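J.: My questions will all concern the structure given below.
The values are calculated or read from the model by the stated rules, or taken from the named source; none is laboratory data. Predicted model, so just to flag it, every value in this text is computed and none were measured. Here the Cβ is made from the backbone with ideal geometry for all residues, glycine too, and neighbour counts use every protein chain on show. In case anyone asks, the SASA skips ligands and DNA or RNA and just uses the protein heavy atoms, side chains included. Shrake-Rupley method; radii C 1.70, N 1.55, O 1.52, S 1.80 Å.
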Amino acid sequence: MTSRTPKLLLIACGALAGEIAALRRLGGWEHVELDCLPAKLHATPEAIPEAVRAKLESARDRYDRVCVAYTDCGTVGRLDEVLAEYGAVRLPGAHCYELFAGAERFAALHEAEPGTFYLTDFLARHFDRLVIQGLSLDRYPELLPHYFGNYRRVVHLAQRDSPALRARARECARRLGLAFESRPVGLGPFERALAAAGVGCRRAEGTPA
Amino acid sequence: MSKEGTGEEVEIVLAELPDDELVEQMHDDMYDGLADEIAEGTRILLERSWGADRVLQEALVGGMNAVGKDFRDGILFVPEVLLAANAMKAGMEILRPILADTGVKPVGKIVIGTVKGDIHDIGKNLVGMMMEGAGFEVVDLGINTPVEDYLSALEEHRPDILGLSALLTTTMPYMKVVIDAMVQEGVRGNHVVMVGGAPLNEEFGREIGADAYCRDAATAVEMAKKLLAPRSAGIAASS
């Protein structure tokens, strides 16, 4: 008699896909299937619940369990309402910065300076498309003070220890006219958040803490 | 500017337009976020002996209302609204001292601020500007405003309305902290409380004990007038 590993579908924000894929590879989560939604939904959180619903609907009865790699992400509980209909779970917290930094550390960062603009590795890599073009600063650079006038610093929550990425994040801060801080956070807090939602069960060797 | 359908560049000289066409052109310029043109149009109308209040209502607020409507309908987006607001601000800066000198009684007073922990003020600033355009006296407490500052501003300025703004789901619960403190201090009944911000909705407004949730700046103005009407009627009846 053979036992079957329950199949798990992870519906994820595209901004988390790289980190999830890395953890899946390192952790040997062969039973986890990844299906991503576009990262640009971040800019229109009201569209997230229905986009997730469409994925849940198409996955219906095909998996033993479904987890959604989103936090509340500005949906103000509307994502949770959709998940409840399908018996799916999501990651804890209000937004992905909290996932990467860990709730306590993120709270301390925000308390220390509410005017902090956070960059993940993904955001640092796609800064032009998601921030500059996303806010139309490429067309209207004069709007920069309207968007960022109250910000004081950029904090790069660095998942990877990459000098090139750090330099890129620093350049993002320079373009916004803000001070720059790099906070190496690794993948540990994110992996723990996934584990709390039942995704992944063991830490693979070499996974940065 | 190009003449419609021809692609031919035509220089429009604002000073040469009759009043109605000038106002119409200012609405177009507001829509396109042309601050210099709005300032110029404002000066021209004042030179033609228009009252500051009429310039404000017909040329500036009228133009901004069209922008607000298209924003609500998903035709315009935040960057375009910000550019239009900049243009309106250019006109307002010319009109503000003149309006102050006329001694016209404001239709009401609002204290407004972004709640503690939140530094976003685009929506709040739009509301403040549109409320000012509608004849309200606006006291802006700025961003990251703790409950103590709201309470002392209520005592100092005795506004008709308190406006609370938040952009983050993590900071919007602080609105309830402010409203609860008002109840505790026994001043809740003295002020209309309006709340707004991208993640909010009517249900949230009701749950935290606000009088109104306003989804955008134009709605805030309409709501403020509507909610103050019974108060004004009461004052008129008792005087």
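J.: Quick one: if the Förster radius is 35 Å, what FRET efficiency do residue B:36 and residue B:183 give, using the C-beta to C-beta distance and rounding to 0.05?
T.: Plugging the Cβ-Cβ distance into 1/(1 + (r/R0)^6) gives 0.15.
J.: Just give me a number: lysine pairs in the range B:1-128, eight or more positions apart or cross-chain, with C-alpha atoms less than 29 Å apart.
T.: The number of close lysine pairs in the range B:1-128 is 13.
J.: Listed highest first by mean packing, meaning other Cβ atoms within 10 Å per residue, what order do B:104-112, B:150-158, A:90-98 come in?
T.: Those peptides, ordered most packed to least, come out A:90-98, B:104-112, B:150-158.
J.: Right, next: When a/c is below 1.5 the answer is rounded, else prolate if a/b is larger than b/c, else oblate, so apply that to the range B:165-223 with a ≥ b ≥ c taken from the square roots of the Cα gyration tensor eigenvalues.
T.: Oblate.
J.: Please report the antiparallel percentage of DSSP beta bridges with both residues in chain B, rounded to the nearest 5.
T.: Here the antiparallel bridges make up roughly 5 percent for chain B.
J.: Can you give me the C-alpha center-to-center distance between the range B:101-123 and the range A:43-83, rounded to a whole angstrom?
T.: Distance between centres, Cα-based: 37 Å.
J.: Name the residue from A:49, A:179, A:190 whose Cα lies farthest towards the positive end of the charge dipole of the protein assembly as shown, charges +1 on Cβ of Lys and Arg and -1 on Cβ of Asp and Glu.
T.: Most positive-ward Cα: A:190.
J.: Further question: Using mean Cβ contacts within 10 Å as the protection proxy, how do A:74-81, B:169-176, A:116-123 order, highest first?
T.: Ranked from most to least packed, the peptides come out as A:116-123, B:169-176, A:74-81.
J.: At 1.4 Å probe size, with every protein chain present, just tell me what the per residue accessible area of the range A:81-209 comes to in Å².
T.: The answer is 48 Å² per residue.
J.: Also, I was wondering about something else. What accessible area, summed over both chains, is buried at the A-B interface (1.4 Å probe, Å², nearest 100)?
T.: Chains A and B together bury approximately 1500 Å².
J.: Return one number: the angle in degrees, 0 to 90 and rounded to the nearest 10, between the long axis of the Cα atoms of helix B:122-133 and the longest principal axis of the Cα atoms of chain B.
T.: Rounded to the nearest ten degrees, it is 70.
J.: Translational diffusion coefficient, Stokes-Einstein: compute it for chain A using the Kirkwood radius over C-alpha pairs as Rh, at 10 °C and 1.306 mPa s, and state it as an integer in µm² s⁻¹.
T.: Answer, rounded: 88 µm²/s.
J.: What percentages, rounded to whole numbers, describe P(r) for the range A:103-184 computed over all alpha carbon pairs with 5 Å bin width beginning at zero?
T.: With 5 Å bins starting at 0, P(r) equals 3, 15, 26, 24, 19, 9, 2, 0.
J.: Using just the helices of chain A, give the 222 nm mean residue ellipticity in deg cm²/dmol: DSSP H runs with n ≥ 4 each add -39,500 (n - 2.57), and the total is spread over all residues, rounded to 500.
T.: Roughly -11000 deg cm²/dmol at 222 nm, from the helical runs in chain A.
J.: Relative contact order of the range A:98-206, please, whole-number percent, based on alpha carbon pairs below 8 angstrom and at least 6 residues apart.
T.: 32
J.: Between A:167, A:39, A:193, where does the largest GNM mean-square fluctuation fall for chain A, given springs only between Cα atoms within less than 10 Å?
T.: Result for chain A, Cα springs under 10 Å: A:167 fluctuates most.
J.: What nm value, rounded to one decimal, do you get for the distance between residue B:46 and residue B:21 when each label is placed 7 Å out toward the C-beta?
T.: Distance between label points: 2.5 nm.
J.: I would also like to ask the following. Tally up the carbon and sulfur contribution to the accessible surface of the range B:1-123 as a whole percent, 1.4 Å probe, everything protein left in place.
T.: Solvent-exposed carbon and sulfur of the range B:1-123 make up 51 percent of the total.
J.: I would also like to ask the following. Please state the charge dipole magnitude for chain B, taken about the Cα centre, from unit charges on C-beta atoms (+1 on K and R, -1 on D and E), reported in debye and rounded to the nearest 20.
T.: Roughly 1300 debye for chain B.
J.: If you don't mind, there's one more thing I want to ask. For peptide B:219-229, how many partner chain Cβ atoms fall within 10 Å of a residue's Cβ, on average?
T.: Shielding by partners across B:219-229 averages 0.
J.: Only Lys, Arg, Asp and Glu count, each charged at its Cβ (+1, +1, -1, -1), so figure out the dipole size of the range B:47-135 about its Cα centre, rounded to 20 debye.
T.: 240
J.: Report Rg/Rh for chain B, rounded to two decimals, where Rg is the Cα radius of gyration and Rh the Kirkwood radius.
T.: We get a ratio of 1.02 for chain B.
J.: Summarise the accessible area of the range A:103-184 (1.4 Å probe, protein heavy atoms) by the percent that is carbon and sulfur.
T.: Of all accessible area on the range A:103-184, carbon and sulfur atoms account for 50 percent.
J.: Amide H to amide H, which residues 5 or more places from residue A:95 or on other chains are under 5 Å from it, using H placed in the peptide plane?
T.: Here A:72, A:73 satisfy the definition.
J.: Roughly how tilted is helix A:163-176, in degrees to the nearest 10 and between 0 and 90, from the longest Cα axis of chain A?
T.: 50
J.: Compute the helix-to-body angle for B:78-102: its Cα long axis versus the longest principal axis of chain B, expressed 0 to 90° and rounded to tens.
T.: The angle comes out near 90 degrees.
J.: Heavy-atom accessible surface, probe 1.4 Å, ligands and DNA/RNA ignored: which residues of the range B:163-177 lose at least 50 Å² versus the isolated chain?
T.: With the partner chains in place, the range B:163-177 has these residues losing at least 50 Å²: B:169.
J.: A further question follows. With θ set to phi - 60° and the Karplus curve 6.51 cos²θ - 1.76 cosθ + 1.60, what are the ³J(HN,Hα) couplings of the range B:60-70 in order, to the nearest whole Hz, using x for Gly and Pro?
T.: Result, ordered by residue: 8, 5, x, x, 5, 4, 5, 5, x, 5, 6 Hz.
J.: Further, regarding this structure: How large is the charge dipole for the protein assembly as shown, taken about the Cα centre, if only the Cβ atoms of Lys, Arg (+1) and Asp, Glu (-1) carry charge, to the nearest 20 debye?
T.: 2360
J.: Let me ask another. List, by residue number, every residue in the range A:70-106 with a reduction of 50 Å² or greater in accessible area between the chain on its own and the complete protein assembly, 1.4 Å probe.
T.: SASA drop of 50 Å² or more in the range A:70-106: A:76.
J.: Give the relative contact order (percent, whole number) for chain A; include only Cα pairs under 8 Å separated by 6+ residues.
T.: 21
J.: Same structure, new question: Whole number in Å², please: accessible area per residue of chain B, 1.4 Å probe, ligands, DNA and RNA not counted.
T.: Per-residue accessible area for chain B comes out at 49 Å².
J.: Another question, if that's okay. Mind scanning B:176/B:226; A:7/A:40; A:40/B:225 and naming the pairs with a C-alpha gap bigger than 31 Å?
T.: Violating the 31 Å limit, Cα to Cα: A:40/B:225.
J.: Given the convex hull over the Cα atoms of the protein assembly as shown, what projected area results after averaging over all orientations, in nm²?
T.: So the Cα hull casts an average projection of 27.7 nm².
J.: Something else about it: Taking 7 Å along the Cα-to-C-beta vector as the label spot, tell me the residue B:70-residue B:206 distance in nanometres, rounded to one decimal.
T.: 3.5
J.: Out of A:123, A:63, A:77, whose Cα points farthest toward the positive end of the dipole of chain A (charges: +1 Lys, Arg; -1 Asp, Glu; placed on Cβ)?
T.: Highest projection toward the positive end goes to A:123.
J.: Just grab the label-to-label distance for residue A:133 and residue A:174, each label 7 Å out from Cα along the Cβ direction, in nm (one decimal).
T.: 2.2
J.: Hey, can you grab everything whose amide H is under 5 Å from the amide H of residue B:108? Only 5+ residues off in sequence or another chain; H modelled, so Pro and N-termini drop out.
T.: B:137
J.: Right, another one. Along the positive direction of the dipole of the protein assembly as shown (beta-carbon charges: Lys, Arg +1; Asp, Glu -1; about the Cα centre), which of A:100, B:95, A:140 reaches farthest?
T.: A:100
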